[in-house]
Amino acid sequence: MAKKELENIEAEPRKGKLAKRLLKIAMIYILIDNVTSNYAKYRKKRNEKLEAENKESAYKSYDLFMNSKEIKICGERFSGANIKNCLGGVNLDLQELKMNSDVFLNLTNTFGGISIKVPYGVNVRCDSKCLFGGVSSTVPEYEGDEVHTIYVKAKVTFGGLAINAAKRVDETVEDMFEEGTFESISKEMNAAKEMSAAKEE
């Protein structure tokens, strides 16, 4: 009988400890949920504010966190951009941008990737600081007084930055066909013209 009473006495404190642990877990969950939902609301308001400012300004600002974004700049005024990217991906497409002056890009990339496509015939000057990350630029060097430059200042941490140039229109068309295809097509067209001319005679 004494043994059973001891077991009951020990079981009651265990139940109390379990209830306290469950209560602590529930409180921590509620706190984390509250913090994350408030932060999500803050991010949403901030991004809405940035989007409104970007419509009126030639210098754009983007702040991404655990998100991806396609940014295409074509006809609007554009003098540069400030892009912060954390745990996400950004594709900045400037291929169709008509540059009348130099452009300045300030990039901060942490645990993510940024890809930039620049117009054909512009130079790129990149000043980057990397920590466990990499920067790649395949943009050729152009010369001339009318050649504009895109200046890139980048901080990359555990991520990557890739800068590529758009191709000329004729290069893009040539890439669609294998080498020698244009010659064979032109020969076939000439042969067809000669056959139709012979029939008419």
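Look through LYS84, LYS129, LYS44 and report the one residue that is surrounded by 15 or more Cβ atoms within 10 Å (Cβ to Cβ), outside any loop (DSSP other than H, G, I, E, B) and basic (Lys, Arg).
Criteria check complete, one pass: LYS84.
Output the qualifying pairs, or none if there are none: Cβ atoms under 7 angstrom, residues six or more apart or on different chains, first residue in region 45-65 and modelled with pLDDT under 90, second residue part of a helix (DSSP H, G or I).
From residues that are modelled with pLDDT under 90, the pairs are PHE65/ARG43.
Of all residues in region 47-73, which are within 25 Å of LYS98 (Cα to Cα), surrounded by 12 or more Cβ atoms within 10 Å (Cβ to Cβ) and not charged (D, E, K, R)?
Once the filter is applied, which keeps residues that are within 25 Å of LYS98 (Cα to Cα), surrounded by 12 or more Cβ atoms within 10 Å (Cβ to Cβ) and not charged (D, E, K, R), region 47-73 yields LEU50, ASN54, SER57, ALA58, TYR59, SER61, TYR62, ILE71, ILE73.
Output the number of residues of region 132-167 satisfying the condition of being of a type outside the set (D, E, K, R) and open to solvent by 70 Å² or more (accessible area, probe 1.4 Å).
4
The values are calculated or read from the model by the stated rules, or taken from the named source; none is laboratory data. Small disclaimer: the values here were computed from a predicted structure and weren't measured. Quick reminder, even Gly has a Cβ in these numbers, built from the backbone with ideal geometry, and neighbours come from all protein chains shown. The protein model used for the area step is the full one, side chains on, heavy atoms only, and it has no ligands, DNA or RNA in it. Shrake-Rupley method; radii C 1.70, N 1.55, O 1.52, S 1.80 Å.
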